[in-house]
Amino acid sequence: MASAGLEEACGEIRGACGHPRRLGLLLAPRSPAERQQIRAAYRASFGEDLAAALQRGLLAAGSGQEDELRKVLYLWALEPAERDAVVAREAVEGGATVAGYRALVEVFTRRKQDQLFFTKQAYLARFRRNLDQDMVTEPSQPYQRLLVALAASRKSHHDEPSQHIAKCDARRLHDTKNGGAGSVVDEAVILEMFSKRSIPQLRLAFCSYKHIYGNDYTKALKTNGSGEFEEALRAVVKCIYSPSKYYSKLLQRSMQCAATDKRLVTRAILGSDDVGIDEIRSAFKSCYGRNLADFIRESLPQSDYRDFLVAVARGSAAS
């Protein structure tokens with residue numbers, strides 16, 4: 001953004017800080033990079049951090065319809081590592097639930113390994129706790145074991161994924177699914193692979209699996225039934241293999257519940273922002289034949305929170 005544009009945006013945002021609806025419509029169409037430019041310019045212009053100002057507004061607000069909008073605006077203004085630290089802490093504090101584990105899976109699969117380092121540092125700085133240790137529960141759960149394996153990966157995401165390794169891994173995935181135990185995968189093989197491969201390398205392995213065997217690995221996991229580990233593995237693989245499709249489906253599911261869970265909607269929209277809202281719009285159209293902004297408008301009751309989500313779904317077209 002040009003300097004003049006930043007100054008103008010900062011002035012508008014400062015004037016809207018006490019008005020969540022106005023603020024939401026100002027911030028919704030901004031890309032992650034633009035929001036961080038605005039945050040830096042805001043600090044330079046007014047001597048305070050925009051995210052901190054939004055957090056104060058969130059803490060001062062009483063319970064009501066604006067709460068979730070104030071919360072998402074606060075998270076919207078944070079840097080990715082800070083945002084992930086807050087999301088991860090909420091997941092950990094929620095206990096050993098499927099929803100909590102899936103939120104952690106989303107954090108660990110949408111970031112490069114070097115970016116995860118900053119997430120863990122932000123978590124430590126904010127909460128004085130170690131994220132890797134906080135994920136460990138007793139008795140251990142399938143999601144937790146997969147997360148620990150992903151967290152242990154030290155493979156550089158700057159390395160080019162290897163097609164040869166991907167093909168070998170695809171065959172290992174196939175063999176462990178179709179060997180002696182029938183419908184049960186060899187958990188040790190999966191955990192070893194996840195702990196030694198980067199996310200791009202795993203994604204390439206799943207692509208190779210489909211190319212070699214003619215179907216997605218997730219479908220193979222459903223053949224002849226599956227247990228708790230296989231169910232958790234399917235969710236992790238979906239998140240890694242096609243993030244745009246994963247978050248499109250998460251958005252659709254989060255708004256089709258009898259009682260909309262706004263925390264799930266917020267999680268879905270934050271993940272969509274990381275993947276890229278243009279990709280999400282395209283994937284949503286491909287999956288459901290619907291315009292994402294129209295779907296949100298029709299699925300949620302009228303509110304400032306809904307209008308913010310609609311503006312996000314429109315992306316730069318809303319500005």
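Taken together, the values in this text are just the output of simple stated rules run on the coordinates, not laboratory data. Bear in mind the structure is a predicted one, so any value in this text is a computation, not a measurement. Because the Cβ atoms are built from the backbone with ideal geometry, glycine has one as well, and the counts that use them run over all protein chains shown.
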**OP:** Using label points projected 7 Å from each Cα along Cα→Cβ, tell me how many nm separate ASP261 and LYS285, to one decimal.
**Re:** 3.0
**OP:** Run the dipole for the range 157-241 about the Cα centre, Lys and Arg Cβ at +1, Asp and Glu Cβ at -1, nothing else charged, and hand back the magnitude in debye, nearest 20.
**Re:** 300
**OP:** For the range 105-158 and the range 228-284, compute the distance between their C-alpha centroids and round to whole Å.
**Re:** 19
Subject >> Cα-projected label distance for ASP67 with GLU138, points at 7 Å along beta-carbon direction, nm >> reply: 3.4
Original post:
Could you give the length gained on full extension between SER303 and ALA52, defined as 0.36 nm per residue of separation minus the Cα-Cα distance, in nm?
Top reply: 87.9 nm
Subject >> Reference-scaled alpha-carbon Rg (2.2 N^0.38 Å with N residues) for the range 157-241 >> reply: 1.01
Original post:
So how far apart, in nm, are the two label points at ARG253 and THR97 if each is 7 Å from Cα heading toward Cβ?
Top reply: 1.5
**OP:** Holding the Cα-Cα limit at 23 Å, pick out from LYS71/LYS120; LYS71/LYS112; LYS219/LYS245; LYS177/LYS219; LYS196/LYS222; LYS167/LYS222 the pairs that are longer than that.
**Re:** LYS71/LYS112; LYS196/LYS222
Original post:
Give or take rounding to whole Å, what are the principal axis extents of the alpha carbon atoms in the range 1-78, in descending order?
Top reply: 38, 24, 19
**OP:** Report the full-extension gain for the segment LYS219 to ASP186: residue separation times 0.36 nm, less the Cα-Cα distance, to one decimal in nm.
**Re:** 10.2 nm
Original post:
Any idea what the alpha-carbon Rg over 2.2 N^0.38 Å comes to for the range 243-318?
Top reply: 0.96
Subject >> Within the chain, helix-based [θ] at 222 nm, where runs of 4 or more DSSP H residues each add -39,500 (n - 2.57), nearest 500 >> reply: -22500 deg cm²/dmol
Subject >> Per-bin percent of Cα-Cα distances, the chain [20 Å] >> reply: 30, 56, 13, 0
Original post:
To the nearest 20 debye, what charge dipole does the range 243-318 have about its Cα centre, counting +1 at the Cβ of each Lys and Arg and -1 at the Cβ of each Asp and Glu?
Top reply: 240
Original post:
How much length, in nm to one decimal, is gained on full extension between ARG43 and LYS167, taken as 0.36 nm per residue of separation minus their Cα-Cα distance?
Top reply: 39.7 nm
Original post:
What is the range 73-200 by shape, rounded, prolate or oblate, if you read a ≥ b ≥ c off the alpha carbon gyration tensor as root eigenvalues and call it rounded for a/c under 1.5, prolate for a/b larger than b/c, and oblate otherwise?
Top reply: oblate
